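Structure first, then comments.
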Amino acid sequence: MAQAGPGPLLFGQVVIGPPGSGKSSYCQAMREFLGRLGRRAAVVNLDPANEALPGPCALDVAQLVALGDAMAALGLGPNGALLYCMEYLAANADWLRARLRPLQHHYLLFDCPGQVELYTHHPALRQLFAQMGRWGFRLAAVHLVDSHYCTDPAKFISVLCTSLSTMLHVELPHVNVLSKMDLIEQYGKLAFNLDYYTEVLDLSYLVDHLASDPFFRNFRRLNEKLVEVIEDYSLVSFVPLSVQDKQSMRQVVQAVDKANGYCFGEQEQRSLEVLMSAAVGADFQFSSTLAVQEKYVQSQDKTVEEEVMDL
């Protein structure tokens with residue numbers, strides 16, 4: 001790792017997002033991908049509710065505090081107990097620092113809990129990330145969002161609001177990711193091209209599309225104000241990801257490395273070139289997804305009869 005002053009700079013990702021967005025699967029896939037590039041990577045589980053880790057874990061927060069124990073000892077429900085666990089971890093940050101010290105030559109992937117309020121207004125994880133910054137960590141937040149939200153304009157606006165709130169609250173370099181792109185065909189048609197959602201283009205079209213629904217027509221002014229806030233900040237965009245596809249994994253790695261300042265070493269650059277050259281001519285799932293995105297587009301001028309004829 002790069003040296004700065006008396007000690008090393010420690011690089012890593014804090015992987016956040018709602019439940020079911022694929023955080024644990026992402027961490028394991030990213031660990032394997034980085035390993036093939038020659039980068040020593042390790043997963044650190046910061047989710048005390050995660051009892052079934054899908055792969056190797058170098059450190060588990062359950063060694064300090066577990067969700068079930070907090071619920072039993074304090075008589076709390078799952079949500080309250082999880083907040084308590086995160087507060088307890090932040091208050092005992094020295095425990096984490098001591099156990100991260102043997103991993104100082106690794107690139108770390110922090111698998112975080114899925115409770116959204118931890119990233120929108122609760123201070124525990126933000127304080128912990130700030131403390132880690134003082135230890136020499138250069139972290140980037142990787143915010144995973146399930147790509148199926150793109151198929152529902154109302155849900156997508158909600159996702160944009162949550163992503164923006166998370167970016168402002170967590171106070172880390174931020175990469176938003178649309179996960180599970182290999183499954184997007186199962187979710188139904190997209191109203192617009194995929195790049196409309198990844199680049200978060202003119203959202204007025206999304207409001208107009210919502211207004212075609214009688215239910216959402218009554219909330220047009222609210223939706224207009226919400227998208228105005230999102231566009232005024234102009235911070236939210238997404239990187240599409242399928243963990244089975246090397247090309248999309250590479251794009252995420254490049255975005256994260258740019259965000260947290262990680263610099264490729266010569267050996268890793270050669271490994272990256274070898275890995276990607278072996279994929280020339282391959283039919284990647286992610287590339288296939290982009291190739292078929294046209295059939296998700298619903299032309300406003302296309303009638304039902306034309307669709308039947310196409311079939």
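List of remarks:
- Selection from the range 220-248 of residues that are open to solvent by less than 80 Å² (accessible area, probe 1.4 Å), closer than 22 Å to H169 by Cα and of a type in the set (G, A, S): S237
- Elements of type helices (runs of 4 or more DSSP H) contained in the range 90-152, each with 1 or more residues being at negative phi and over 18 Å from the mean Cα position of the chain (by Cα): 93-100, 124-134
- Search result, residues across the range 36-95 that are in contact with a helix residue (DSSP H, G or I) (Cβ under 9 Å, 6 or more places away or on another chain), surrounded by 17 or more Cβ atoms within 10 Å (Cβ to Cβ), of a type in the set (D, E) and free of Cβ contacts under 8 Å to residues at least 60 places away in the same chain: E87
- Across the range 167-193, the qualifying residues are those that are surrounded by fewer than 22 Cβ atoms within 10 Å (Cβ to Cβ) and polar (S, T, N, Q), and the one among them that is modelled with the lowest pLDDT is Q186.
- Residues of the range 12-35 that are among the hydroxyl-bearing types (S, T, Y) and surrounded by fewer than 23 Cβ atoms within 10 Å (Cβ to Cβ): S21, S24, S25.
- When L9, L109 are screened for being surrounded by fewer than 21 Cβ atoms within 10 Å (Cβ to Cβ), touching a strand residue (DSSP E or B) at 6+ places or on another chain (Cβ under 7 Å) and within 23 Å of G261 (Cβ to Cβ), only L9 passes.
- So E224, is it in a helix (DSSP H, G or I), over 30 Å from Q127 (Cβ atoms) and touching a residue at least 12 places away in the same chain (Cβ under 8 Å): yes
- Scanning the range 194-219 for residues that are at pLDDT below 90 and open to solvent by 60 Å² or more (accessible area, probe 1.4 Å) yields D195, L201, D202, Y205, D208, S212, D213, P214, F215, R217, N218, F219.
The values are calculated or read from the model by the stated rules, or taken from the named source; none is laboratory data. Values in this document were obtained by computation on a predicted structure and should not be read as measured data. No Cβ is skipped: glycine too gets one built from the backbone with ideal geometry, and neighbour counts run over all protein chains shown. When the accessible area is computed, the model is the full protein with side chains, heavy atoms only, and any ligands, DNA or RNA have been set aside. Shrake-Rupley method; radii C 1.70, N 1.55, O 1.52, S 1.80 Å.
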